[in-house]
Structures are given as C-alpha cells and as structure tokens.
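The values are calculated or read from the model by the stated rules, or taken from the named source; none is laboratory data. All values derive from a computational prediction rather than experimental measurement. Positions of Cβ are generated from backbone atoms using ideal geometry, with glycine treated the same way; all protein chains shown enter the neighbour counts.
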Amino acid sequence: MLDIVEQAPAALPVILAATRWPLDAALALLQLPFNDLLYQAHQVHRQHFDVNEVQLSTLLNIKSGGCPEDCAYCPQSARYDTGLETTGLMTVDAVIAAALQAKAAGATRFCMGAAWRSPKDREVEQVAQLVSAVKDLGLETCVTLGMLKPKQADRLKTAGLDYYNHNLDTSPEHYGNVITTRTYNDRLETLDAVRDAGINVCCGGIVGLGETLQDRAGLLCQLANLPTPPESVPINQLVRVEGTPLAEVAPVDCFDVVRTIAAARIMMPNAFVRLSAGRSELGEAGQALAYFAGANSIFYGEQLLTTPNPQQNEDRELFLKLGIRAMAGTA
Ligand code: SAM
Ligand code: DTB
Ligand code: SF4
C-alpha cells in the first residue's frame, strides 16, 4: 500500500502529460458545429486573456533563399525555381534600422528568419549579435534558423533571445509527404534544446498542405501534449507560391482556418495563438472571426518572409473597427 502511495507522485505527471489531449478529443472539437466551437473557444479566450488586445510581431528575412531543405511549401528552398533572390546574412546596421521601424509602428516583438537547415556555430554567433542589438532597442526578440543544438540555444539565450520559432508544420503522419530532408523527431529535438535553454517556444503549423482533418487534429495534439505547451502558436494558412510542389493544391476554406485557431485556443489556453501567413486571403470578416475564436497575435508589416502581408494601415483600420488594441511592449 505504502509503495503505491510513494510511487504515485512520480508516475502521475507522466500519465497526465501523455493523455492531456487525445486525438479523438481534438478531432471532436474540429468537427463541432462552427458556432458551438467558436462559442467555446471564445469563452476560453475570455477566461485567459483580454479579448480586445492583440500582440504585434514584425518579421524580417535576415537571410533569404538558397535553403538545402525540400519543404514542399517553401519558396526559399534551392530545389524549386520560384524566382527568389538569394541573399547573405544582413548586417547589424540594416537589421537595427528595420527593427527601429517596426518599433515605431507599434510592434513589441521582432522576429528574424533565416533560410537555413541548421546554422553553423559561426552563424549562431552572428545572429547572437543581431539578437543583442535588437534587444537593446527595447523589443522582444525571436529568431527562426532551422535545427538548433543545445549549446547553440544556450548561446542565443545569453544574447537575450526571448522566443525561438520552430514549427512542427503538420501531423507526424502527413509530415513525410511534405518534407523528406529532416524528420519530425529532429524538430522535436530542437524544441527540447530551446526549452532546456530557457527560451520561450514558438511552434505551430500550416493548414492547406493537402492534410486531412485528422492531420490537423494530430498537429494540435502534438503541440498541446508537448511536456510544456508552446507559449506562442503560429497558425499559418499555406501561401501557394508558383514553382513550389504545393503551388496548385486546393485552397483552404476560410472557416477551416478559423476552426483550427479555435481548437488551438481551447487546447492551449495560455498560449498566444498567432493568426500568421494567409491573413490577406482571409479578408476583414475572416480575420474578425479568427480574433473572436481566440487569435491574439499577428505578424505586422507588409511582408512576411518573402510573400505579402496586409499593410499596417489596413490592420490599424480593422483594429479600429473591431475595438481591438495593440498590446503594449513589456521589454
Ligand atoms: N528555415 C527555418 C525552418 O524551416 O525552420 C526557418 C524559416 S521557415 C521559412 C519558417 C516557417 O515558415 C516554416 O516552418 C513554415 O511553417 C513557414 N512557411 C514557410 N513557407 C510557407 C508558406 N508558403 N506558407 C505558409 N507558411 C510557410
Ligand atoms: C511562422 O509560423 N510563419 C512565418 C514565421 N513563422 C517565420 C513565416 C511565414 C512564411 C510565409 C511564406 C513566405 O513569406 O515566405
Ligand atoms: Fe528551408 Fe525553412 Fe524553407 Fe524548409 S521552411 S525550405 S528549412 S527556409
């Protein structure tokens, strides 16, 4: 008897973590009537956040194109002819200039992306300088550089990195149809390294990769069942870019994007859920639904990494119409 009691505290958290969100529960959420799902998601949102506040992150592509990976959605893969110009890593001065503009426009976080499979230590050192420079401006910092080793994550943490973005993209089952040059497990290992370094995790995925509803539920379960769920969850709608293998895939229905946001909100109530790529396609009404469903973060600025995003004045106008405020900076 005593044995059981003594073992229980150690065993219990493991059991809870493994069953936090079973697949059938996530699938059931995505299959709810739209109004029921949105009502539930909005209630969860209201319990955990100020529903009239949205966090603004601005993206900068600090190293564009020429990536050796084969991600079938990505215009920056060297394997696909998308007409994209390849550039080297941006200088500190150019990055500071862009970050200052982002801050002046109202962003609280500056996210720098590089088209790498995994950075070399020398490249991590260069990015660490960029992170420190941006942090000194009073902005939160985020980078997405591909796969990261534990020591590299530690170095970025020391430089002042607040968030690392590394997406799982889709379910483990669909993953191999989209990317063959790195495994799902590689991605999970990078997430572990980031978490262990004490950096906030920004991890989400893409809808519109030809996945099933089960795959969407599977992605959300992977995210929600991580030992610690991500602090930030970007939900991207595929931007279909000519020259990539997924250029002609059927477009996603706007309501399916909103459903995915709503389920993410319910399954990860404390996370910032970012309505990411694909906002231009959603239009004002679609975005308003997404905010109601629990999205409370966006990429703010006329460009994502290589593709267009709504203009800043369009976002400001929509916020005004909806009574939404941009979240104030904390850095
Ligand atoms: N190379 C690094 C990596 O893949 O980890 C960082 C940059 S990569 C462009 C960051 C993320 O952008 C990808 O994981 C993917 O989720 C998203 N992404 C890339 N191309 C996209 C597209 N066409 N539509 C929607 N999301 C896209
Ligand atoms: C994320 O989840 N979405 C952003 C960011 N993280 C790096 C990238 C979206 C890229 C869309 C296609 C492009 O502009 O190249
Ligand atoms: Fe490379 Fe990242 Fe694009 Fe994949 S998503 S091809 S890793 S830049």
Checklist entry - Taking the stated definitions as given, is Ala263 in contact with a strand residue (DSSP E or B) (Cβ under 6 Å, 6 or more places away or on another chain), within 30 Å of Gln31 (Cα to Cα) and either among the hydrophobic types (A, V, I, L, M, F, W, C) or surrounded by 16 or more Cβ atoms within 10 Å (Cβ to Cβ) (or both)? => result no
Checklist entry - Filtering region 89-127 down to residues that are closer than 27 Å to Met327 by Cβ, within 22 Å of the chain's Cα centre (by Cα) and within 16 Å of ligand 3 (Cβ to nearest atom), which residue is surrounded by the most Cβ atoms within 10 Å (Cβ to Cβ)? => result Cys111
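Here's the yes/no breakdown for (1) away from ligand 2 (no atom under 16 Å from the Cβ); (2) farther than 25 Å from Ala263 by Cα:
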site: Phe34; (1), (2): yes, no
site: Tyr39; (1), (2): yes, no
site: Tyr73; (1), (2): no, no
site: Asp81; (1), (2): no, yes
Checklist entry - Pick from Asp186, Asp162: which is among the acidic types (Asp, Glu), in contact with a Ser or Thr (Cβ under 8 Å, 6 or more places away or on another chain) and either within 30 Å of Met327 (Cα to Cα) or surrounded by fewer than 17 Cβ atoms within 10 Å (Cβ to Cβ) (or both)? => result Asp162
Checklist entry - In region 59-77, which residues are over 14 Å from Ile179 (Cα atoms) and either more than 21 Å from the chain's Cα centre (by Cα) or β-branched (Val, Ile, Thr) (or both)? => result Ile62, Gly66
Checklist entry - Restricting attention to region 178-195, which residues are touching a residue at least 40 places away in the same chain (Cβ under 8 Å) and under 16 Å from Arg216 (Cβ atoms)? => result Val178
Checklist entry - Restricting region 128-165 to residues that are small (Gly, Ala, Ser) and in a loop (DSSP other than H, G, I, E, B), which is farthest from ligand 3 (Cβ to nearest atom)? => result Gly138
Checklist outcome for this item: Those residues of region 192-211 which are within 13 Å of Leu148 (Cβ to Cβ), over 17 Å from the mean Cα position of the chain (by Cα) and not in a helix (DSSP H, G or I) amount to Ala197
Next on the checklist: When the residues of region 143-156 are narrowed to those that are touching a strand residue (DSSP E or B) at 6+ places or on another chain (Cβ under 9 Å) and away from ligand 2 (no atom under 14 Å from the Cβ), which ends up farthest from Arg117 (Cα to Cα)?
Outcome noted: Leu156
Item to check | Residue identified as within 14 Å of ligand 1 (Cβ to nearest atom) and part of a helix (DSSP H, G or I) among Glu189, Glu125, Glu173 | outcome: Glu189
Next on the checklist: Among the residues that make up region 137-147, is at least one of them hydroxyl-bearing (Ser, Thr, Tyr) and under 17 Å from Pro230 (Cβ atoms)?
Outcome noted: yes
Checklist entry - Does region 297-314 hold any residues that are more than 15 Å from ligand 2 (Cβ to nearest atom) and either among the small types (Gly, Ala, Ser) or touching a residue at least 60 places away in the same chain (Cβ under 8 Å) (or both), and which are they? => result Gln312
Checklist entry - Just a yes or no: is a residue in region 236-249 within 21 Å of Phe34 (Cα to Cα), crowded, with 22+ Cβ neighbours inside 10 Å and within 12 Å of ligand 2 (Cβ to nearest atom)? => result yes
Checklist entry - So Gly283 fits all but one of (1) under 30 Å from Gly138 (Cα atoms); (2) more than 16 Å from ligand 3 (Cβ to nearest atom); what number is the exception? => result (1)
Next on the checklist: Please verify whether Asp50 is at pLDDT 95 or above and under 27 Å from Asp315 (Cβ atoms), treating the condition exactly as stated.
Outcome noted: yes
Checklist entry - Is at least one residue of region 215-224 at pLDDT 95 or above, within 16 Å of ligand 2 (Cβ to nearest atom), part of a loop (DSSP other than H, G, I, E, B) and at negative phi? => result no
Checklist entry - Can you pull out the residues in region 165-178 that are away from ligand 2 (no atom under 16 Å from the Cβ) and touching a Ser or Thr at 6+ places or on another chain (Cβ under 7 Å)? => result none
